[in-house]
Amino acid sequence: MTEINDIQDQIIEEFAPLNEWFDRYERLIAFGSEMPRLPETGRTDDNLINDCQSRLWLAADLIAGRLVFYADSEAKITRGIIALVLKVVNNQPPEAVADADLYFLDAIGLTSNLSPSRANGLASILKRINQLAHQHTRC
């Protein structure tokens, strides 16, 4: 299994040649289009992240000691952001997710180039991922 930091470094390398933010947003949208759709049964109020600019659902299950995340959004950029973050944390042990420093978000310039409402949404996504990871950690 690929380590969280290795995946982050791969993403940083992938975004490095994209100098224009238009190109980076296109790559985000591509990530989102590659992510499987969340079934309607997962689109519940419990899975809804309320602080996002558009509606976003996020859930996780613990399968064989690893967190498997499910997400969806109605907006292409938001869907791309969650797909990118999940590329890093999906199928990882909950302890690793809870302890992860997601430095790639700053390294690719995402946090500094989002609108305030999208930045707030990203913070809510990261908070919810951390909550889900802590819910599944062994005491």
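Close amide H partners of Leu56, meaning residues 5 or more places away or on another chain with modelled amide H under 5 Å apart, are Ile49.
Dividing the summed -39500 (n - 2.57) terms of all DSSP H runs of n ≥ 4 by the residue count of the chain sets its mean residue ellipticity at 222 nm at -16000 deg cm²/dmol.
Of the DSSP H helices in the chain, those with a Cα length along their own long axis of 15 Å or more and a mean Kyte-Doolittle hydropathy reaching 0.5 comprise 76-89.
Legend: translational diffusion of the range 1-72 by Stokes-Einstein, Rh = Kirkwood radius over C-alpha pairs, 10 °C, 1.306 mPa s; D = 109 µm²/s.
What shape does the range 57-108 have by the C-alpha gyration tensor, where a ≥ b ≥ c are the square roots of the eigenvalues, rounded means a/c under 1.5, and otherwise prolate means a/b greater than b/c and oblate the rest? In terms of gyration-tensor shape, oblate.
Ranking Leu38, Leu110, Ala133 by Cα position along the charge dipole of the range 4-135, where only Lys, Arg, Asp and Glu carry charges on their C-beta atoms, puts Leu38 farthest toward the positive end.
Any read-out appearing in this document is the output of simple, stated calculations on the displayed coordinates, not a laboratory observation. This structure is a prediction, so every number in the text was calculated from the model and none was measured. Positions of Cβ are generated from backbone atoms using ideal geometry, with glycine treated the same way; all protein chains shown enter the neighbour counts.
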